[in-house]
Amino acid sequence: MSGHNIRQADIADSAVLQDDDKALKAVAARYAVSVTDAVRETIKTSNDPVALQYMPQARELITTPDELVDPIGDGAHSPVEGIVHRYPDRALLLPVKVCAVYCRFCFRREVVGPGQKMLSEAQLEKALDYIRNTPQIWEVILTGGDPLVLSPRRLKNILDALQSIPHVKVIRIHTRVPVADHKRMTDEMMETLTTDKPLYIAIHTNHAQELSDAALATFKKLRRTGAILLSQTVLLKGVNDTPQALEDLFRRLVENGVKPYYLHHPDLAPGTSHFRLTLKEGRKIFRALRGKLSGLAHPEYVLDIPGGYGKVPVSESFTQEDENDEVTHVTDYQDRTHAYPPREDSK
């Protein structure tokens, strides 16, 4: 891996971490800690929006009663090792449980990290057989861990196997690598990501400060492969929980050929309560983006229902029916209310 563990000296010197050495060692013993040079180069201060995503804090040792080891219920929907099949027409394939960097709010933080193994050849073949034998699977999503930490050769073998399955029409990859470890995006990797079937790459990024010139150059190279670029963002207290922070991020992404796809409400992962807002707070922030951004720059604000019941949109409704369902009251982006269909007295 080109990423490397944060040295204890780096942790102790961080002004954001007014925590004792013993507590930080306990955090590092329980949850993976690693950053890359690419991430370090985007950190300006010890408590800025990038540093807060990666630098451990003693607060991670606090597990609240509502937090869950498996907050989105992967385990309940895993028929074989390496597969999560929650929705009929799509399945996750998790070939690796290692990342280039480790986010402090990760919903899989209990199962990813250095020392975790890739799927063995036998396990991978069994996972692929599950996909081959389940014809309703129309889309396969490579996630993990981060699939782009795999070697181009191993990743190519997986992509080739998926492309050979007739009922798999779409392939998607979820990754942090183009932003957090762009040196992995070699010419060989770009060739690997040039596929016949549609390939969507969902890039995880949470703040415009992460989008270095090198990351943006990587986006440009990825677009040349024919991949369709999307983004995923987690709404995080203290990191991007203002309309301006989200607007700046989503505009910059669209300007560089990346469609904002999901804005995730934070999951109930252990030790992450300091990152979580309430749904009411999240809706208020998301509402403030209405009328300010092109539809191209609007992701869907979603919540993964704890227990494995899937994602649901949680942005507020801007329509409300009257008691007789004869008229719908519609609120525009300036908070003005209109009748639909228009009433005679409003014409």
Which of the following residues is within 24 Å of Ser34 (Cα to Cα), crowded, with 18+ Cβ neighbours inside 10 Å and assigned by TED's automatic domain parsing to the domain that holds Glu191: Ala127, Ala100? Ala100
Does Ala161 qualify as being touching a residue at least 12 places away in the same chain (Cβ under 8 Å), touching a strand residue (DSSP E or B) at 6+ places or on another chain (Cβ under 7 Å) and in a helix (DSSP H, G or I)? no
Is it true that some residue in the range 165-175 is over 21 Å from Asp129 (Cα atoms), assigned by TED's automatic domain parsing to the domain that holds Asn133, touching a strand residue (DSSP E or B) at 6+ places or on another chain (Cβ under 8 Å) and at pLDDT 95 or above? yes
Neighbours by Cβ (under 6 Å, 6+ apart or cross-chain): first from the range 328-340, closer than 17 Å to Ala288 by Cα; second surrounded by 14 or more Cβ atoms within 10 Å (Cβ to Cβ) and among the charged types (D, E, K, R): Tyr333/Arg290
Taking the residues in the range 35-88 that are surrounded by fewer than 21 Cβ atoms within 10 Å (Cβ to Cβ) and small (Gly, Ala, Ser) as candidates, determine which candidate is nearest to Val140 (Cα to Cα). Ser78
Within the range 173-191, track down each residue that is free of Cβ contacts under 8 Å to residues at least 60 places away in the same chain and either farther than 20 Å from Ala217 by Cα or in a helix (DSSP H, G or I) (or both). Pro178, Asp187, Glu188, Met189, Met190, Glu191
Within the range 275-291, the count of residues that are part of a helix (DSSP H, G or I) and buried (at least 17 other Cβ atoms within 10 Å of the Cβ) comes to 5
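Name the residue that is farthest from Leu268 (Cα to Cα), counting only residues in the range 72-118 that are β-branched (Val, Ile, Thr) and in a strand (DSSP E or B). First the steps, then the outcome.
Within the range 72-118, the subset β-branched (Val, Ile, Thr) is 72, 80, 83-84, 96, 98, 101, 111-112.
Cutting the leftovers down to in a strand (DSSP E or B) gives us 83-84.
Values: Ile83: 22, Val84: 19 Å.
Per the stated criteria, the residue is Ile83.
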Output the residues belonging to the range 301-325 that are within 24 Å of Leu68 (Cα to Cα) and assigned to a strand (DSSP E or B). Tyr301, Val302, Leu303, Asp304, Lys311, Val312, Pro313
Scope the range 273-308; condition under 15 Å from Ala245 (Cβ atoms) and touching a residue at least 60 places away in the same chain (Cβ under 8 Å); matching residues: Phe275, Pro299, Tyr301
Any chance the range 262-273 includes a residue that's at pLDDT 95 or above and more than 21 Å from Arg59 (Cβ to Cβ)? yes
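The values are calculated or read from the model by the stated rules, or taken from the named source; none is laboratory data. In this text the structure is predicted, and so the values were computed from the model without any measurement. Virtual Cβ from ideal backbone geometry, glycine too; neighbours counted across all protein chains shown.
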